[in-house]
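**Q** Attaching a single structure in structure tokens format; questions to follow.
The values are calculated or read from the model by the stated rules, or taken from the named source; none is laboratory data. Bear in mind the structure is a predicted one, so any value in this text is a computation, not a measurement. When we count neighbours, we look across all protein chains shown, and the Cβ atoms used for this are built from the backbone with ideal geometry, even at glycine.
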DNA sequence: ACTCAGGTATCCT
DNA sequence: AGGATACCTGAG
């Protein structure tokens, strides 16, 4: 067991912030599947108990949960005249940007287009069940590129991918064949990485931005989805100035997204 | 039954 | 360049 006790770490908010599709509520807490491992998380007296050894925490989950980044300091950047952002940031305190795996992010966000979050989760789970490795009873890892490349198209489609089936298959094939080496893109700057990802079919501005933010930990990436656009229209007169948040505007995006969704009528 | 969902590719003008 | 439209499918 490893205990995390910090106001800047809140597993429930992270689970509802929409960045991760495999962190879900179970009987007495949350269950996360990542890196081919399962991690159980229990909330207790405002603390989080991670069901792992100290070594496993230090070598894996500490980085995954981005525990070396100081999130409290981001909050200081909000201009005092921006009441909306102030509210959003305070409301979302505890959210962190997870360091997830690039391939999983790429596939998950290709799937995400024109889908609700529950529908995305259903598709992702189906993919894992069909093409991932079994880790434990009923628990499966996210499939490798090779595994998805080899997947028969009709079985991929059976994961409710709809018109995205070919997008996923194409991306998996390119990655599996080394023609699109996700692990070698780290050296690219944000702009070049974004451009590179958008070369893939089914990857537009929004999906690529999400892959940057959640898969490559580019905290300055600012995905604009319908929620964010709605906020920018209603609260910022159609144009938001991200200059105060240079280097971490993606963190602000998460606060805005979470706030808008959690407080919707 | 009907709209909309964390969009994107394609086809217009 | 910028705007309109089709697209699989499930949830509300």
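**Q** Is it true that some residue in region A:20-41 is in contact (Cβ under 8 Å) with a residue 60 or more places away in the chain, under 21 Å from the mean Cα position of the chain (by Cα), within 28 Å of residue A:244 (Cβ to Cβ) and not assigned by TED's automatic domain parsing to the domain that holds residue A:211?
**A** Yes, there is a match, as at least one residue in region A:20-41 is in contact (Cβ under 8 Å) with a residue 60 or more places away in the chain, under 21 Å from the mean Cα position of the chain (by Cα), within 28 Å of residue A:244 (Cβ to Cβ) and not assigned by TED's automatic domain parsing to the domain that holds residue A:211.
**Q** For a quick check of your reading of the model, give me the residue pairs whose first member lies in region A:108-135 and is in the same structural domain as residue A:158 (by TED's automatic domain parsing) and within 13 Å of residue A:158 (Cβ to Cβ), whose second is within 12 Å of DNA strand B (Cβ to nearest atom) and not in a strand (DSSP E or B), with beta-carbon atoms closer than 7 Å and at least 6 apart or on different chains.
**A** Once the first residue is in the same structural domain as residue A:158 (by TED's automatic domain parsing) and within 13 Å of residue A:158 (Cβ to Cβ) and sits in region A:108-135, its partners that are within 12 Å of DNA strand B (Cβ to nearest atom) and not in a strand (DSSP E or B) give A:122/A:160; A:123/A:111; A:123/A:160; A:126/A:160.
**Q** If I filter region A:83-98 for residues that are under 20 Å from the mean Cα position of the chain (by Cα) and free of Cβ contacts under 8 Å to residues at least 24 places away in the same chain, do I get at least one hit?
**A** No - not one qualifying residue is present in region A:83-98.
**Q** I'm trying to understand the selection: among the residues of region A:179-229, which are assigned to a loop (DSSP other than H, G, I, E, B) and within 23 Å of residue A:169 (Cβ to Cβ)?
**A** Of the residues in region A:179-229, the ones assigned to a loop (DSSP other than H, G, I, E, B) are A:179-181, A:185-189, A:198-204, A:216-225.
Across region A:179-229, the qualifying residues are A:179, A:180, A:181, A:185, A:198, A:199, A:200, A:201, A:202, A:203, A:204, A:216.
**Q** Filtering region A:103-150 down to residues that are out of contact with any helix residue (DSSP H, G or I) (no Cβ under 9 Å at 6 or more places or on another chain) and in a loop (DSSP other than H, G, I, E, B), which residue is surrounded by the most Cβ atoms within 10 Å (Cβ to Cβ)?
**A** A:116
**Q** For region A:1-102, please list each of the strands (runs of 3 or more DSSP E) lying entirely inside it that holds at least 2 residues being surrounded by 16 or more Cβ atoms within 10 Å (Cβ to Cβ).
**A** In region A:1-102, the matching strands (runs of 3 or more DSSP E) lie at A:2-4, A:29-34, A:37-44, A:47-50.
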